[in-house]
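Q: To start, I am sharing the structure in question, which I have written as structure tokens.
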Amino acid sequence: KNQVEQSPQSLIILEGKNCTLQCNYTVSPFSNLRWYKQDTGRGPVSLTIMTFSENTKSNGRYTATLDADTKQSSLHITASQLSDSASYICVVSDRGSTLGRLYFGRGTQLTVWP
Amino acid sequence: EADIYQTPRYLVIGTGKKITLECSQTMGHDKMYWYQQDPGMELHLIHYSYGVNSTEKGDLSSESTVSRIRTEHFPLTLESARPSHTSQYLCASSDPVTANGNTIYFGEGSWLTVV
């Protein structure tokens, strides 16, 4: 069964600190992996997308890594800000259909305290 | 910022009422999607469309229906709302797939409460 598991479920850090969020998946055949940021009550916003051949991608203070062999990804946030408080969702796409079916994790709820 | 818009953002309706959630995008995307998301849970695909006059059911069974008469418009309708339909509904659209994948743009969501 294709699945996407994220950890931790929730995380609290102090402003200015770094943190790393984890994503493990079993989706096969793999096409790409995306990280989204979802503020409370809003729609998800794309942070990064990585294909099989990419193992790191940055977007400002956000850096995503991908290990396609172990089927693991991480999202590293540097110098956190209060505005980083949100749910971070890992999404994996397969290439077994024309739709490119998406498998969503439940997200990691990050809270940044001043 | 994504040019995809949903209305209403928040709605409380009584059981048995008919409701249509509107979704419009101005990016010219052929592919559009409706997802359902309960608090703290993952998104579930309930409907998708590859283009005008094309609609398909998603992974999660839903009593809602959709239509795609125009490229930019993808409304979702519940003929008779029930409390079990209380949830957040997210509309999305995507640009064409390339070797680097494609970007999926989400609307702000419609929070539906059925009492």
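The values are calculated or read from the model by the stated rules, or taken from the named source; none is laboratory data. Keep in mind it's a predicted model, so treat the numbers as computed, not measured. Here the Cβ positions follow ideal geometry from the backbone for every residue, glycine too, while neighbour counts run over all protein chains shown. SASA here: full protein model, heavy atoms, side chains in, ligands and nucleic acids out. Shrake-Rupley method; radii C 1.70, N 1.55, O 1.52, S 1.80 Å.
Q: Looking at the stretch B:21-36, can you tell me whether even one residue there is within 10 Å of chain A (Cβ to nearest Cβ), modelled with pLDDT of 90 or more and surrounded by fewer than 18 Cβ atoms within 10 Å (Cβ to Cβ)?
A: The answer is no; no qualifying residue exists.
Q: Further, regarding this structure: Just checking, how many residues over the stretch B:39-82 are touching a residue at least 24 places away in the same chain (Cβ under 8 Å) and open to solvent by 70 Å² or more (accessible area, probe 1.4 Å)?
A: Residues in the stretch B:39-82 being touching a residue at least 24 places away in the same chain (Cβ under 8 Å) and open to solvent by 70 Å² or more (accessible area, probe 1.4 Å): 4 in total.
Q: Shifting gears a bit: If I ask for residues that are surrounded by 13 or more Cβ atoms within 10 Å (Cβ to Cβ) and outside any strand (DSSP E or B), which ones from the stretch A:12-22 would you list?
A: Result: A:15, single match.
Q: Taking the stretch A:39-58 as the region of interest, how many residues are within 12 Å of chain B (Cβ to nearest Cβ) and either in contact with a His (Cβ under 9 Å, 6 or more places away or on another chain) or closer than 23 Å to residue B:97 by Cα (or both)?
A: Adding up the residues that qualify gives 13.
Q: Now a separate question. Quick one: which strands (runs of 3 or more DSSP E) lie wholly within the stretch A:37-114 and hold at least 2 residues that are in contact (Cβ under 8 Å) with a residue 60 or more places away in the chain?
A: Hits in the stretch A:37-114: A:86-94, A:102-104, A:108-113.
Q: Can you pull out every residue in the stretch B:1-11 that is at pLDDT 95 or above, touching a Phe, Trp or Tyr at 6+ places or on another chain (Cβ under 9 Å) and more than 12 Å from chain A (Cβ to nearest Cβ)?
A: Scanning the stretch B:1-11 gives B:8, B:11.
Q: Given the conditions (1) open to solvent by 20 Å² or more (accessible area, probe 1.4 Å); (2) more than 10 Å from chain B (Cβ to nearest Cβ), report the number of the one that residue A:25 does not fulfil.
A: It fails just one condition, (1).
Q: Quick one: residue A:93 ticks every box in (1) of a type in the set (Ser, Thr, Tyr); (2) in contact with a Pro (Cβ under 7 Å, 6 or more places away or on another chain); (3) modelled with pLDDT under 95 bar one, so which box is it?
A: (2)
Q: Find the residue count for the stretch A:63-98, including only residues that are open to solvent by less than 40 Å² (accessible area, probe 1.4 Å) and over 25 Å from residue A:42 (Cβ atoms).
A: Total satisfying the criteria: 3.
Q: Right, here's the next one. Mind listing just one residue for me: the one in the stretch B:83-101 that is open to solvent by less than 20 Å² (accessible area, probe 1.4 Å) and without any contact (Cβ under 8 Å) to a residue 40 or more places away in the chain and, of those, nearest to residue A:50 (Cα to Cα)?
A: This residue is B:101.
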